[in-house]
1. Give the residue that is farthest from Ser132 (Cα to Cα), with candidates limited to residues of the stretch 78-93 that are modelled with pLDDT of 95 or more and open to solvent by 20 Å² or more (accessible area, probe 1.4 Å).
2. Which numbered condition in (1) at pLDDT below 95; (2) within 18 Å of the chain's Cα centre (by Cα); (3) closer than 21 Å to His57 by Cα is the only one that Lys118 fails?
3. Looking only at the stretch 135-155, decide whether some residue is over 20 Å from Ser248 (Cβ atoms), crowded, with 21+ Cβ neighbours inside 10 Å and either touching a residue at least 60 places away in the same chain (Cβ under 8 Å) or out of contact with any strand residue (DSSP E or B) (no Cβ under 7 Å at 6 or more places or on another chain) (or both).
4. Name the single residue, out of those in the stretch 319-333 being farther than 14 Å from Glu39 by Cα and assigned to a strand (DSSP E or B), that is modelled with the highest pLDDT.
5. So, of the residues in the stretch 95-109 that are more than 15 Å from Glu39 (Cα to Cα) and in contact with a helix residue (DSSP H, G or I) (Cβ under 9 Å, 6 or more places away or on another chain), which turns out to be most open to solvent (accessible area, probe 1.4 Å)?
6. Filter the stretch 54-69 for residues that are in a loop (DSSP other than H, G, I, E, B) and either in contact (Cβ under 8 Å) with a residue 24 or more places away in the chain or within 20 Å of Thr114 (Cα to Cα) (or both) and give the result.
7. Would you confirm whether or not the stretch 245-258 contains a residue that is in a loop (DSSP other than H, G, I, E, B), under 30 Å from Ile55 (Cα atoms) and either modelled with pLDDT under 75 or among the acidic types (Asp, Glu) (or both)?
8. Would you confirm, using the coordinates I've provided, whether Ser37 is in a loop (DSSP other than H, G, I, E, B) and either in contact with a helix residue (DSSP H, G or I) (Cβ under 8 Å, 6 or more places away or on another chain) or buried (at least 22 other Cβ atoms within 10 Å of the Cβ) (or both)?
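The values are calculated or read from the model by the stated rules, or taken from the named source; none is laboratory data. Keep in mind it's a predicted model, so treat the numbers as computed, not measured. Neighbour counts run over all protein chains shown; Cβ positions are idealised from the backbone, glycine included. Accessible surface areas use protein heavy atoms only, side chains included; no ligands, DNA or RNA. Shrake-Rupley method; radii C 1.70, N 1.55, O 1.52, S 1.80 Å.
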Amino acid sequence: MDWISLSSSSSIKNHRSPNWADFNLSGPTHLTTINWSDEYQQCCVAACLVQGIYILHQKNPGGRQWWESFHFQIAQYLKDDDSSSIVGAIFHYTGPYDASAPSIAIAFRGTATTQDWKMNYRASVNELHETSRFQRAMEAVELVASQGGGVGRRIWLCGHSLGAALAMLVGKRMAKMGVYLDTFLFNPPFVLRRGGRILSRTAFGLLAVLSPPLLSLPMAVKYALRQRETSRAMQSIEVQQSFANLCSWVPRLFVNPGDFICSDYVEHFEKRKQQDRLPKPTAEELEHPFLIPSAKLVKNLCPLTKNGIDETHGLSQWWKAELKLQSKECICALPSP
């Protein structure tokens, strides 16, 4: 599919607002009425829910507008087992009924604490799924999904940066089971391991890239064994079905081409799109946490300013009134029976 433009104008503010936590000064106050079928407005609302988690973490009393403005109420906080820090929340939609509106939204924030940087490292070595944070997130999402309330767009899964990595892992696990959540991944880190090394320019992979050979060797052996086991497992009917399920999951990846943390997703999918149809997915895409066979790739085309990473990786870019987006679907061909 060709790129589809979604925009309201072509410029962007020249700096990040110092009042980023104040909804009235920094939020999408231009959205006075929500059209739940509009993808730009869905993007704005999903980003605001994630922003609300950052505000909750800071214990800012004025943060309620980030979700209440769109008729959401918090049903449950999600915290780490080993800290009191709020890393996510479950929201219930209480507004007027709309078939395109989510009944439930689950959102995860990105890096804000020292513990989060430890999670970043675990993500860089493909171990985020082994953490208690992932287990708690998975349990919460499974419980929400099991309670019904609809599928697809009726349940949103949202995250930014590290939170996007977490949401991707959760969404991928749910998709393998045939449960498809409408997923919004803002600036998800791209970390691709080959031969035990992390091939990424991101801060998430920096420690692994600079690690000594003695550290990377065990990682290489572990990775090679995982790949061999996954390839063998691909022969089973059960795994083939979960693989087919995964191909049908199409999360939305919101990427700024100037953000070195996530921009490699653009190259990854554009290389795979050189043919009329995406090639048959590989065993690596089933096993690797941050590789997915299908996605809707959404690029921010607003011109860059001098604010660097604060702008290109920042969450606030995704609710700007002057946002200019390009969107295309990269749907992988289902494996042949």
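1. Across the stretch 78-93, the extreme among qualifying residues is Tyr93.
2. Against the list (1) at pLDDT below 95; (2) within 18 Å of the chain's Cα centre (by Cα); (3) closer than 21 Å to His57 by Cα, Lys118 comes up short only on (2).
3. Scanning the stretch 135-155 turns up no residue that is over 20 Å from Ser248 (Cβ atoms), crowded, with 21+ Cβ neighbours inside 10 Å and either touching a residue at least 60 places away in the same chain (Cβ under 8 Å) or out of contact with any strand residue (DSSP E or B) (no Cβ under 7 Å at 6 or more places or on another chain) (or both).
4. Cys330
5. Ile104
6. Gln58, Lys59, Asn60, Gly62, Gly63, Ser69
7. No; the residues of the stretch 245-258 include none that is in a loop (DSSP other than H, G, I, E, B), under 30 Å from Ile55 (Cα atoms) and either modelled with pLDDT under 75 or among the acidic types (Asp, Glu) (or both).
8. no
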